[in-house]
Amino acid sequence: PTEGEVVLEVEAIRKEFGGLVAVNDIGFRVRAGEIVGLIGPNGAGKSTTFNLITGVLPATCGEVRFLGKRISGLSARAIARLGVGRSFQHVQLLPGMSVLENVALGAHLRSNVGVVAGALHSERAREAALLHEASRQLQRVGLGDYLHEQAGNLALGQQRILEIARALAADPVLLLLDEPAAGLRYKEKQELAAVLSQLRAEGMSILLVEHDMEFVMRITNHLVVMDFGTKLAEGPPVEIQSSPVVLEAYLGG
Ligand code: ADP
Ligand code: MG
């Protein structure tokens, strides 16, 4: 996609869990080369919104379009293959495996390797191609010195970046990151912000959920604010920061 083109369009999606409306007819867009923040208090419906976009949960109604094509109703695997990558709210690495192997596992889903590997007859050649792609993604995010380290031995900040590398190995157009900075030290947050800025500069589109407002203000182009499943506001971070409605949701209530 070219810069500014709409990559993700969420239109009036809704999710009910029994009587609870977790996501109440939410709509927003993400454009190419943009980092959009999805913010709101705990229980606002942010993770559920991610699950609806990525096909982990079926929406009660509404529609999600990715690169102009309807993806609602497709399986999580099919959506990932189309180019929607994600990380989860809690680290989901295989701690006993190497950094390189963790990323190689992400690479076989949908990859640059796919086309090449299809032409490679031997299992060994295919595996070598996967490892090569994994190594390339790890260099890209600054983890090139840790390829053979056990994932569980990395600092939390590095594990979060490793999860991003794993998602990148599937060659996504859009990345969804659920609280990537949670629990990180100040310096780790800065390193994460640098990685995300670099990805954006390379044309990646990113939708992220994050509570750390300083981090969000520094990194995002656009914010969508949710509370009790509803979209309260959206706009440029500087406007949102001083919006009475948003201050009320965070400080009032
Ligand atoms: P957030 O990520 O903004 O903190 P969630 O999307 O996780 O919020 O949750 C939104 C609401 O939906 C909460 O009230 C939560 O308890 C409820 N919820 C989330 N997932 C489920 C589920 N699988 N079954 C029932 N209720 C759920
Ligand atoms: Mg959440």
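Side notes on the structure shown:
- If you go through the stretch 25-51 and keep only what is more than 10 Å from ligand 2 (Cβ to nearest atom), under 18 Å from Val6 (Cα atoms) and hydrophobic (A, V, I, L, M, F, W, C), you end up with Ile26, Phe28, Val30, Ala32, Ile35, Val36.
- Checked against (1) in contact (Cβ under 8 Å) with a residue 40 or more places away in the chain; (2) part of a strand (DSSP E or B); (3) within 26 Å of Val238 (Cβ to Cβ); (4) of a type in the set (D, E, K, R), Glu3 passes all but condition (2).
- Members of the stretch 52-104 that are more than 16 Å from ligand 2 (Cβ to nearest atom), within 16 Å of Tyr146 (Cβ to Cβ) and aliphatic (A, V, I, L, M): Leu93, Leu94, Met97, Val99, Leu100, Val103, Ala104
- Residue count for the stretch 1-17 satisfying the condition of being at pLDDT below 95 and within 10 Å of ligand 1 (Cβ to nearest atom): 0.
- Taken over the stretch 136-172, the criterion of being assigned to a helix (DSSP H, G or I) and among the aliphatic types (A, V, I, L, M) is satisfied by Leu138, Ala151, Leu156, Ile161, Leu162, Ile164, Ala165, Ala167, Leu168.
- Restricting the first member to the stretch 52-63 and to residues that are touching a residue at least 12 places away in the same chain (Cβ under 8 Å), and the second to residues that are surrounded by fewer than 19 Cβ atoms within 10 Å (Cβ to Cβ) and assigned to a loop (DSSP other than H, G, I, E, B), the beta-carbon pairs closer than 6 Å and six or more apart or on different chains are Gly55/Leu74; Gly55/Ser75.
- If you check Gly229, Gly144 for being touching a Lys or Arg at 6+ places or on another chain (Cβ under 9 Å) and either surrounded by fewer than 22 Cβ atoms within 10 Å (Cβ to Cβ) or in contact (Cβ under 8 Å) with a residue 24 or more places away in the chain (or both), only one passes: Gly229.
- Some residue of the stretch 201-218 being more than 15 Å from the chain's Cα centre (by Cα), in a strand (DSSP E or B), closer than 25 Å to Val23 by Cα and in the same structural domain as Glu5 (by TED's automatic domain parsing): no
- Some residue of the stretch 31-45 being crowded, with 16+ Cβ neighbours inside 10 Å, without any contact (Cβ under 8 Å) to a residue 60 or more places away in the chain and either of a type in the set (Lys, Arg) or not in a strand (DSSP E or B) (or both): no
- Of all the numbered requirements in (1) among the small types (Gly, Ala, Ser); (2) in contact with a helix residue (DSSP H, G or I) (Cβ under 8 Å, 6 or more places away or on another chain); (3) crowded, with 21+ Cβ neighbours inside 10 Å, Ser205 misses one, and that requirement is (2).
- The criterion of being within 16 Å of ligand 2 (Cβ to nearest atom), at positive phi and buried (at least 18 other Cβ atoms within 10 Å of the Cβ) holds for Glu179.
- Among the residues of the stretch 47-66, those identified as within 8 Å of ligand 1 (Cβ to nearest atom) and over 16 Å from Leu8 (Cα atoms) are Ser47, Thr48, Leu57.
- For the stretch 37-58, a residue qualifies if it is aliphatic (A, V, I, L, M) and more than 15 Å from Gly85 (Cβ to Cβ), and the qualifying residues are Leu38, Ile39, Ala44, Leu52, Leu57.
- Some residue of the stretch 236-248 being within 14 Å of ligand 1 (Cβ to nearest atom), of a type in the set (A, V, I, L, M) and either in contact with a Lys or Arg (Cβ under 6 Å, 6 or more places away or on another chain) or free of Cβ contacts under 8 Å to residues at least 60 places away in the same chain (or both): no
- Only listed residue being of a type outside the set (Asp, Glu), within 23 Å of Ala80 (Cα to Cα), at pLDDT 95 or above and more than 16 Å from ligand 1 (Cβ to nearest atom), chosen from Leu147, Leu138, Leu143: Leu138
The values are calculated or read from the model by the stated rules, or taken from the named source; none is laboratory data. What you see is a predicted model; the values in this text were computed from it and never measured. Heads up, the Cβs are rebuilt from the backbone with ideal geometry, glycines too, and the neighbour counts pull from every protein chain shown.
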